[in-house]
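Structure record follows, encoded as C-alpha cells.
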Amino acid sequence: MRKRRLLLLAAGLFLLLAGGPIWVLLSGQASLQGDWSTATRQAAGIAPDPKKTRGAIVQVYAARVFSWRGILAVHTWIAVKPTDAPAWTTYQVIGWSVMRGGKAVAIRQEAPDRYWFGNRPEIVADLRGEGVDDIIRRIDRAARSYPYNEEYTVWPGPNSNSFTAWIGREVPGLDLDLPPTAIGKDWLGATTFAAATPSGTGFQLSLYGLFGVIVAVEEGLELNLGGLTLGIDPLDLALKLPGVGRLEPYWNATHVEGPS
C-alpha cells in the first residue's frame, strides 16, 4: 500500500511538472523548429508612443524563449521612458554577449515591445504617475551595478530572468511579480540562500535556484523544483504551473491597449 501511494505521488508530481510544457508544445505556443536569424524582432505595437506620451512609464515584458526552451521558459526585460523623454530605454541580459567576451547587461534605446525572435511579448508590469521618474533612476543605477555582469548560465542562473528579479529586489516600488515561467528568477547567487522576493512583499529561500520556496503577498506561495515553479496566488485565485505560467479566472485577465 505504501509503495502504491509513493508511485501515485510520483506520477502526480510528474504530471504537474511535465504536463504544462507538453501542452505548450502541442498547442503551438512554442516550436522545436525555427531560424533565429530570420525570426522577427519587430515592435508588437503594445507600448505607448514616447513622442505622444509626456509622463514617465516603466514596463516589464516577458516573451517565450526562442526554440525548444520556449516550452519551459520566458525571457524578461525592463523598459523605461522618463518624463518628456523622446525614446524608450531597455535593460536586459543577453547571454550570447557574454559568450563573445562582452558584458551581460545590454542598455539600449529601442522599441520596448519588440518580438523576442518570433515570440510576441506580454506586459508583466506597468507603472505610471507620480514617483515613476525616481524609480527609473533607481533602475538605471541598479542595472549598471549588476554584480553578475560577466556571467551567464542558461540554467539555473544567473540569466536574463535573474537580472530582472535582481532589479526588482533592488528597486522598492517596482512591485515586480515575475511569471512562474521566468526560470532563473529564483537564483540568488552562489552564497545567498535567503532574500526578499522580487515584489518586495515577502521572502524566499533558494538553493542555487534549483530548489526553494516563496511566501509573499504578491507572488503568493511558490515551490521551486529544479527551476520549475508550482504555486498558488490566493489574491488572484491563480495557479502557477511549469510551462503554462499563470492560470486564473477570466475576470482577472488584464487587457492592454495599443499605443497611445
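The values are calculated or read from the model by the stated rules, or taken from the named source; none is laboratory data. Here the structure is a predicted model, which means the values were calculated and not measured. Backbone-built Cβ (ideal geometry, glycine too); neighbour counts: all protein chains shown.
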**Fill in**
Exception for Arg69 within (1) under 26 Å from Gly34 (Cβ atoms); (2) of a type outside the set (A, V, I, L, M, F, W, C); (3) free of Cβ contacts under 8 Å to residues at least 24 places away in the same chain falls at (3)
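Yes or no, residue by residue, for (1) in contact with a helix residue (DSSP H, G or I) (Cβ under 7 Å, 6 or more places away or on another chain); (2) farther than 20 Å from Phe211 by Cα; (3) surrounded by fewer than 24 Cβ atoms within 10 Å (Cβ to Cβ):
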position: Ile135; (1), (2), (3): no, yes, yes
position: Arg144; (1), (2), (3): no, yes, yes
position: Thr153; (1), (2), (3): no, no, yes
position: Pro158; (1), (2), (3): no, no, no
position: Phe163; (1), (2), (3): no, no, no
position: Pro180; (1), (2), (3): no, no, no
position: Trp187; (1), (2), (3): yes, no, no
**Asked** If we keep just the residues of segment 184-228 that are touching a Leu at 6+ places or on another chain (Cβ under 8 Å), without any contact (Cβ under 8 Å) to a residue 60 or more places away in the chain and aliphatic (A, V, I, L, M), which is nearest to Val124 (Cα to Cα)?
**Response** Val217
**Message:** Take the residues in segment 42-91 that are surrounded by fewer than 19 Cβ atoms within 10 Å (Cβ to Cβ) and polar (S, T, N, Q); name whichever of them is farthest from Val105 (Cα to Cα).
**Reply:** Thr53
**Asked** Among the residues of segment 167-186, which ones are more than 11 Å from the chain's Cα centre (by Cα) and farther than 13 Å from Gly202 by Cβ?
**Response** Ile167, Glu170, Val171, Pro172, Gly173, Leu174
**Identity of the residue in segment 115-133, under 23 Å from Asn149 (Cβ atoms) and out of contact with any Leu (no Cβ under 9 Å at 6 or more places or on another chain), that ends up surrounded by the fewest Cβ atoms within 10 Å (Cβ to Cβ)** = Phe117
**Message:** Name the residue that is farthest from the chain's Cα centre (by Cα), counting only residues in segment 90-120 that are among the hydroxyl-bearing types (Ser, Thr, Tyr) and within 15 Å of Pro158 (Cβ to Cβ).
**Reply:** Ser97
**Asked** For segment 21-41, how many residues meet the condition of being loosely packed, with under 12 Cβ neighbours inside 10 Å and on the phi > 0 side of the Ramachandran plot?
**Response** 1
**Selection from segment 189-203 of residues that are at negative phi, of a type in the set (Gly, Ala, Ser), buried (at least 16 other Cβ atoms within 10 Å of the Cβ) and assigned to a loop (DSSP other than H, G, I, E, B)** = Ser199
**Those residues of segment 47-63 which are of a type in the set (A, V, I, L, M, F, W, C) and more than 17 Å from the chain's Cα centre (by Cα), in sequence order** = Ala47, Ala56, Ile57
**Prompt:** Would you say Pro112 is modelled with pLDDT of 95 or more, out of contact with any Pro (no Cβ under 6 Å at 6 or more places or on another chain), within 21 Å of Arg69 (Cα to Cα) and surrounded by 18 or more Cβ atoms within 10 Å (Cβ to Cβ)?
**Reply:** no
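Conditions tested, residue by residue: (1) over 20 Å from Pro234 (Cβ atoms); (2) in a loop (DSSP other than H, G, I, E, B).
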site: Trp166; (1), (2): yes, no
site: Arg169; (1), (2): yes, no
site: Leu174; (1), (2): yes, yes
site: Ile214; (1), (2): no, no
**Request:** Scan (1) within 16 Å of the chain's Cα centre (by Cα); (2) part of a helix (DSSP H, G or I) for the single condition Ile123 breaks and write down its number.
**Result:** (2)
